[in-house]
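These notes are about the structure you will find just below.
The values are calculated or read from the model by the stated rules, or taken from the named source; none is laboratory data. This is a predicted model, so every value here is computed, not measured. Note that we place each Cβ from the backbone using ideal geometry, even for glycine, and neighbour counts take in every protein chain shown. The area values use the complete protein model at the heavy-atom level, side chains included, leaving out ligands, DNA and RNA. Shrake-Rupley method; radii C 1.70, N 1.55, O 1.52, S 1.80 Å.
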Amino acid sequence: MVKMMTPCQTINNLEENIFIAGSRQVLEFECLGSDGLPIDLTTSTTKLLLSPFGNPSYTVLIKDGTVFDTNKFSVVFEKADTVNLRGLYSFQPLIIDVLSKEHRPAQGTIQIQEAIKQV
């Protein structure tokens, strides 16, 4: 299991993630406003959207997030979520506030590698 804390501040600022298909991954996000102050997520819904790189109109995976601190949330990719995925994907954290307004504060890329087969 890999845990990573990524700040959500501006678009295209999330570091690339690389992992093997079918492995359990935990991604953690810390959400800060443009002023650097924490964004209160306690009344928000959080999600993570995944699409093939360069094809944002096709979403291959939507995962619910779990708020675990005032301005932090995590998303868990279980083994079954990625076992059939290969290649480069874009991901965007999605925050839906109490007024149902959607915020996509950042995006990044995930490279999913196929597991090496044993002979």
Query raised in the report: Looking only at residues in the stretch 1-34 that are closer than 16 Å to His103 by Cα and assigned to a loop (DSSP other than H, G, I, E, B), which one is modelled with the highest pLDDT?
Result: Leu14
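For (1) within 20 Å of Cys31 (Cα to Cα); (2) among the acidic types (Asp, Glu), each residue gets a yes or a no:
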site	(1), (2)
Gly65	yes, no
Asp81	no, yes
Gly87	no, no
Asp97	yes, yes
Glu102	yes, yes
Lys117	no, no
Report task. Mind listing just one residue for me: the one in the stretch 52-82 that is hydroxyl-bearing (Ser, Thr, Tyr) and closer than 22 Å to Glu114 by Cα and, of those, farthest from the chain's Cα centre (by Cα)? Result -> Tyr58
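Conditions tested, residue by residue: (1) open to solvent by 40 Å² or more (accessible area, probe 1.4 Å); (2) within 18 Å of Thr109 (Cβ to Cβ); (3) of a type in the set (A, V, I, L, M); (4) not in a loop (DSSP other than H, G, I, E, B).
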residue: Thr43; (1), (2), (3), (4): yes, no, no, no
residue: Asn55; (1), (2), (3), (4): yes, yes, no, no
residue: Thr59; (1), (2), (3), (4): yes, yes, no, no
residue: Phe68; (1), (2), (3), (4): yes, no, no, yes
residue: Asn84; (1), (2), (3), (4): yes, no, no, no
residue: Ser90; (1), (2), (3), (4): no, yes, no, yes
Query raised in the report: Only one residue in Val98, Val75 is aliphatic (A, V, I, L, M), touching a residue at least 12 places away in the same chain (Cβ under 8 Å) and surrounded by 12 or more Cβ atoms within 10 Å (Cβ to Cβ), so which one is that?
Result: Val75
